[in-house]
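A short write-up of the structure that comes next.
The values are calculated or read from the model by the stated rules, or taken from the named source; none is laboratory data. Model, not experiment: these values are computed from the prediction. Quick reminder, even Gly has a Cβ in these numbers, built from the backbone with ideal geometry, and neighbours come from all protein chains shown. Areas reflect the complete protein model, heavy atoms only, side chains present, ligands, DNA and RNA absent. Shrake-Rupley method; radii C 1.70, N 1.55, O 1.52, S 1.80 Å.
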Amino acid sequence: MEERPASESSAVLVKWMGITDANSAGFIHGGTVMKLCDEAAGLAAVRHSHSRVVTAAVDRMTFLNPVFVGELLTLNARVNAVWRTSMEVGVRVVAEDPRTGDSRHTGSAYFTMVAIDEEGRPIPVADVRIETEDEERRAREAQVRRANRLAERDELRAGRGWS
Ligand SMILES: CC(C)(COP(=O)(O)OP(=O)(O)OC[C@H]1O[C@@H](n2cnc3c(N)ncnc32)[C@H](O)[C@@H]1OP(=O)(O)O)[C@@H](O)C(=O)NCCC(=O)NCCS
């Protein structure tokens, strides 16, 4: 199967945070940020796979700093690693105060997206071509997350007496 560079999957979503995105304390809801991360991850996965995709799992979502009403949120997503029908997509979230231009990293997320056909059945995905040291590190770390996820699943199954 053909290979596509990780950089070709790169997707950027930008959204200005308004009052309806906030909680009663005036911070932006974590759920608002998660939804945008899922959208950005989906876009990167579609760009890579050239197919429909579904979110199979949110492997991790980290909130490093709060986001405030009036800030501009930028979500950068790209495919880190590809297995058979699934891909790990990493998303980096940056908030910017548009009055000052000051920006900060407010969160990161890792999603497992699965390519599907019209009937919703998983289909094979093109391999990802790693071209930079950063991409190499992301791919390596994605393998660690997958190995941990599978090990956890096996341990939980064994604990329930499932094969
Ligand atoms: C994700 C989904 C397509 C997997 O279907 P399935 O019948 O379990 O298919 P398979 O067992 O062949 O697994 C397909 C791939 O999904 C991966 N996968 C399945 N469940 C997973 C999970 N919980 N976490 C991570 N990866 C998972 C498998 O590892 C496999 O990857 P690989 O081919 O690269 O090794 C199916 O569970 C589904 O449609 N889920 C609902 C998705 C959804 O509605 N998302 C929210 C809206 S987009």
Complete set of residues in the stretch 107-163 that are in contact with a strand residue (DSSP E or B) (Cβ under 8 Å, 6 or more places away or on another chain) and exposed (fewer than 10 other Cβ atoms within 10 Å of the Cβ): Glu118, Gly120
Top-ranked residue of the stretch 17-35 - restricted to ones that are among the hydrophobic types (A, V, I, L, M, F, W, C) and in a helix (DSSP H, G or I), ranked as farthest from Pro122 (Cα to Cα): Ile19
Some residue of the stretch 141-158 being under 19 Å from Arg92 (Cβ atoms), outside any helix (DSSP H, G or I), more than 13 Å from the ligand (Cβ to nearest atom) and of a type outside the set (Val, Ile, Thr): no
Boolean, Ala56 is open to solvent by less than 60 Å² (accessible area, probe 1.4 Å) and within 12 Å of the ligand (Cβ to nearest atom): no
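Let's see how each residue does on (1) in contact with a helix residue (DSSP H, G or I) (Cβ under 7 Å, 6 or more places away or on another chain); (2) charged (D, E, K, R); (3) within 16 Å of the ligand (Cβ to nearest atom):
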| residue | (1), (2), (3) |
| --- | --- |
| Lys15 | yes, yes, no |
| Gly26 | no, no, no |
| Met34 | no, no, yes |
| Leu64 | no, no, no |
| Leu73 | yes, no, no |
| Arg78 | yes, yes, no |
| Val82 | no, no, yes |
Among (1) farther than 17 Å from Gly31 by Cα; (2) touching a strand residue (DSSP E or B) at 6+ places or on another chain (Cβ under 8 Å), the one test that Met61 misses: (1)
Enumeration of residues in the stretch 96-136 that are of a type in the set (Gly, Ala, Ser) and either touching a residue at least 60 places away in the same chain (Cβ under 8 Å) or over 27 Å from Val54 (Cβ atoms) (or both): Gly101, Ser103, Gly107, Ala109, Ala115, Gly120, Ala126
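For every residue, the table says whether it meets (1) of a type outside the set (Gly, Ala, Ser); (2) closer than 28 Å to Glu136 by Cβ; (3) crowded, with 18+ Cβ neighbours inside 10 Å; (4) in contact with a Pro (Cβ under 7 Å, 6 or more places away or on another chain).
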residue: Ser7; (1), (2), (3), (4): no, yes, no, no
residue: Ser24; (1), (2), (3), (4): no, no, no, no
residue: Glu39; (1), (2), (3), (4): yes, yes, no, no
residue: His50; (1), (2), (3), (4): yes, yes, no, no
residue: Leu72; (1), (2), (3), (4): yes, no, no, yes
residue: Asn80; (1), (2), (3), (4): yes, yes, yes, no
residue: Arg84; (1), (2), (3), (4): yes, yes, no, yes
residue: Arg92; (1), (2), (3), (4): yes, yes, no, no
Selection from the stretch 36-62 of residues that are touching a helix residue (DSSP H, G or I) at 6+ places or on another chain (Cβ under 7 Å) and of a type in the set (Ser, Thr, Tyr): Thr55
